[in-house]
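The values are calculated or read from the model by the stated rules, or taken from the named source; none is laboratory data. Worth saying up front: this structure is predicted, and the values here are computed from it rather than measured. Here the Cβ positions follow ideal geometry from the backbone for every residue, glycine too, while neighbour counts run over all protein chains shown. Heavy atoms of the whole protein, side chains included, go into the accessibility calculation; ligands, DNA and RNA do not. Shrake-Rupley method; radii C 1.70, N 1.55, O 1.52, S 1.80 Å.
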Amino acid sequence: QVQLLESGGGLVQAGGSLRLSCAASGRTCSSYTVGWFRQAPGKERELVAAISWSGRNTVYADFVKGRFTISRDNPENTVYLQMNGLKPEDTDVYYCAEVYGYPESHSRIEYDYWGRGTQVTVSS
């Protein structure tokens with residue numbers, strides 16, 4: 001059973017930076033795409049960024065382009081989300097998720113395994 005554990009969330013002022021980490025365990029094979037999603041209370045969980053197993057393919061939501069960077073360290077089974085230029089509207093719980101292969105649309109229903117999330121709060 002794959003388990004994902006997010007870390008790195010916290011409280012930061014607007015304009016600041018945070019780096020989230022997603023550590024995976026229990027995998028029995030490779031070729032997983034990992035995505036970062038976020039969700040505010042009462043809202044749908046939305047994709048922030050995703051990265052293929054090789055790292056050659058990445059996807060970003062329009063609202064984070066130029067500010068966030070997703071990367072991965074496969075030997076360490078860890079995926080990172082570097083978040084710069086944070087805004088109060090980035091305040092959410094951030095989740096990492098993974099799916100075997102590379103999904104077509106990166107909708108949340110395509111991802112099979114989820115972490116429990118880490119809170120990011122950006123003060124104005």
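Restricting to region 73-88, and then to whatever is at pLDDT 95 or above and open to solvent by 40 Å² or more (accessible area, probe 1.4 Å), can you tell me which residue is nearest to TRP114 (Cα to Cα)?
Restricting to residues being at pLDDT 95 or above and open to solvent by 40 Å² or more (accessible area, probe 1.4 Å), the top hit is TYR80.
Does region 89-112 hold any residues that are out of contact with any Gly (no Cβ under 6 Å at 6 or more places or on another chain), under 15 Å from ILE51 (Cα atoms), open to solvent by 20 Å² or more (accessible area, probe 1.4 Å) and not charged (D, E, K, R), and which are they?
If the condition is that a residue be out of contact with any Gly (no Cβ under 6 Å at 6 or more places or on another chain), under 15 Å from ILE51 (Cα atoms), open to solvent by 20 Å² or more (accessible area, probe 1.4 Å) and not charged (D, E, K, R), then TYR100, GLY101, TYR102, SER105, SER107 are the ones that fit.
What residue, of SER52, SER124, is over 14 Å from the mean Cα position of the chain (by Cα) and either touching a residue at least 60 places away in the same chain (Cβ under 8 Å) or surrounded by 15 or more Cβ atoms within 10 Å (Cβ to Cβ) (or both)?
It is SER124.
Sort through GLU104, GLU98 and tell me the only one that's over 18 Å from GLY10 (Cα atoms) and either assigned to a loop (DSSP other than H, G, I, E, B) or of a type in the set (Ser, Thr, Tyr) (or both).
After applying the criteria, what remains is GLU104.
Tally up the residues in region 2-13 that are loosely packed, with under 14 Cβ neighbours inside 10 Å and in contact with a Gly (Cβ under 9 Å, 6 or more places away or on another chain), please.
Qualifying residue count, region 2-13: 1.
Can you say whether GLU44 is open to solvent by 50 Å² or more (accessible area, probe 1.4 Å) and either assigned to a loop (DSSP other than H, G, I, E, B) or in contact with a Ser or Thr (Cβ under 9 Å, 6 or more places away or on another chain) (or both), as far as the supplied structure shows?
yes
Looking only at region 15-32, which residues are touching a helix residue (DSSP H, G or I) at 6+ places or on another chain (Cβ under 9 Å), surrounded by 14 or more Cβ atoms within 10 Å (Cβ to Cβ) and either β-branched (Val, Ile, Thr) or assigned to a loop (DSSP other than H, G, I, E, B) (or both)?
Those that are touching a helix residue (DSSP H, G or I) at 6+ places or on another chain (Cβ under 9 Å), surrounded by 14 or more Cβ atoms within 10 Å (Cβ to Cβ) and either β-branched (Val, Ile, Thr) or assigned to a loop (DSSP other than H, G, I, E, B) (or both): none in region 15-32.
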